[in-house]
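Student: Below is one structure. I have some questions about it.
The values are calculated or read from the model by the stated rules, or taken from the named source; none is laboratory data. Since the model is a prediction, treat every value here as computed from it, not as a measurement. Cβ placement follows ideal geometry from the backbone for every residue including glycine, while neighbour counts extend to all protein chains displayed. Ligands, DNA and RNA are excluded from the accessible area calculation, which covers all protein heavy atoms including side chains. Shrake-Rupley method; radii C 1.70, N 1.55, O 1.52, S 1.80 Å.
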Amino acid sequence: VHSRAAGTPGSSGGGDFSEAPYQPALQQISDIIDRGANVPAAAKRECVERLLDTARRQGYTTGKWMVFLEPGVADAAWAAIARATATGELGCSAKVAPTGAGPDELVREAVVCCVYVRDFDERAELQRVLRALMALMAPLQVPVTAGFKPDAFTMLGIDGKQNRWRLPPTVH
């Protein structure tokens, strides 16, 4: 669902995505790992900053607050999030994964819901959306703890703690 604002992102950021500009930063981390060494925290921080700088230069600054929902509360949470997004109370768009509750599907342990923000550098907007999302989820007793993930990280495969660069998947 999108807010009433024109040109809202879903999950595509600023347009066509190319991994090539991000590779030098990621290659430094890969080289450390290939040597069998632990990746120092300072190297991870530097890599993340370089990735964010590249995203800025590409105009790929969208990102999302993620909420992991139990299937039993997913429909109610999504209804509240969709309504608040459509009226402009939350971010510029939102989406929810299917619960997997079809006849031939296993029910997922958690359903991810993403609330998008246009620019990860707009701290005031990030905080406003986070506070609104937390207030919206409080009556449902759903904690908002997953963090903010730039879409560039998603496109690069920087997911969870198992990504090949061992980088944190969230920046806030």
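Student: Just checking, how many residues over the stretch 150-167 are more than 21 Å from Arg35 (Cβ to Cβ) and either surrounded by 16 or more Cβ atoms within 10 Å (Cβ to Cβ) or hydrophobic (A, V, I, L, M, F, W, C) (or both)?
Tutor: Number of matching residues: 7.
Student: Looking only at the stretch 16-37, decide whether some residue is open to solvent by 20 Å² or more (accessible area, probe 1.4 Å), modelled with pLDDT under 95, of a type in the set (A, V, I, L, M, F, W, C) and closer than 25 Å to Leu126 by Cα.
Tutor: Looking through the stretch 16-37, at least one residue is open to solvent by 20 Å² or more (accessible area, probe 1.4 Å), modelled with pLDDT under 95, of a type in the set (A, V, I, L, M, F, W, C) and closer than 25 Å to Leu126 by Cα.
Student: If you don't mind, another one. Within the stretch 109-126, is there a residue that is part of a helix (DSSP H, G or I) and either of a type in the set (Phe, Trp, Tyr) or surrounded by 13 or more Cβ atoms within 10 Å (Cβ to Cβ) (or both)?
Tutor: For the stretch 109-126, residues part of a helix (DSSP H, G or I) and either of a type in the set (Phe, Trp, Tyr) or surrounded by 13 or more Cβ atoms within 10 Å (Cβ to Cβ) (or both): present.
Student: For the stretch 131-149: of the residues being assigned to a loop (DSSP other than H, G, I, E, B) and not small (Gly, Ala, Ser), which is surrounded by the most Cβ atoms within 10 Å (Cβ to Cβ)?
Tutor: Val142
Student: Of all the residues that make up the stretch 55-97, how many are open to solvent by 10 Å² or more (accessible area, probe 1.4 Å), more than 23 Å from Leu133 (Cα to Cα), assigned to a helix (DSSP H, G or I) and not basic (Lys, Arg)?
Tutor: 1
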